[in-house]
Amino acid sequence: MSDPRVAEHMPLLRFDWDAATVAGFVAKKEECWARDGLGHWAFLSDDRYVGWGGFQKEGDEWDFGLVLRPDAFGLGVRIARQAIDLAMTDERIPYVTFLLPPSRTNLRALERLGARQVGEIEYDGETFLKFRLETD
């Protein structure tokens with residue numbers, strides 16, 4: 001996430017990465033699994049790490065996020081589709097939300113998945129575009 005091409009679309013990324021920051025970040029993401037039974041994964045393609053992402057409970061909603069290495073940007077729809085397919089089989093997830101910063105202007109991938117914009121939301125002092133995809 002320290003690559004400028006990735007960081008430019010992550011307005012909440014307001015810190016430098018060091019060993020302590022990484023450990024805290026990973027621990028926070030692992031808490032999702034312990035608390036909710038679902039969380040984030042590392043994504044591999046041909047045994048090569050290409051990014052991370054997954055589901056995180058935000059209140060009563062399941063939000064899906066995906067962060068890919070720049071050389072793997074083209075894999076986003078395929079990875080997201082596999083995650084959405086999983087959500088469609090999970091009774092706990094009647095719909096999935098996606099929060100994107102307004103800097104993300106190419107939204108065709110979300111449209112191809114079937115998501116529709118439902119408004120904007122402020123999160124930690126930043127504005128995000130909110131999308132929703134029905135899974136049931």
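The values are calculated or read from the model by the stated rules, or taken from the named source; none is laboratory data. Computed from a predicted structure; not experimentally measured. Counting neighbours? That spans all protein chains shown, and the Cβs are built from the backbone with ideal geometry, glycine included. Each accessible area value is taken on the protein alone, full model and side chains, heavy atoms only, with ligands, DNA and RNA left out. Shrake-Rupley method; radii C 1.70, N 1.55, O 1.52, S 1.80 Å.
With R₀ set to 22 Å, the beta-carbon distance separating D46 from D85 gives a calculated FRET efficiency near 0.60.
Taking Cα Rg over 2.2 N^0.38 Å as calculated from this structure, the corresponding entry among (1) 1.21; (2) 1.67; (3) 1.03 is (3). Of all the options R48, R104, R78, the one that moves most in a Gaussian network model of the chain with Cα springs shorter than 10 angstrom is R48.
The residues of the chain present an accessible area of 61 Å² per residue when probed at 1.4 Å with all protein chains retained.
For region 64-136, with all protein chains present and a 1.4 Å probe, just round the carbon and sulfur fraction of the accessible area to a whole percent. Show your work: numbers first, answer last.
On the way: 2050 of 4310 Å².
In region 64-136, the share of accessible area belonging to carbon and sulfur is 48 percent.
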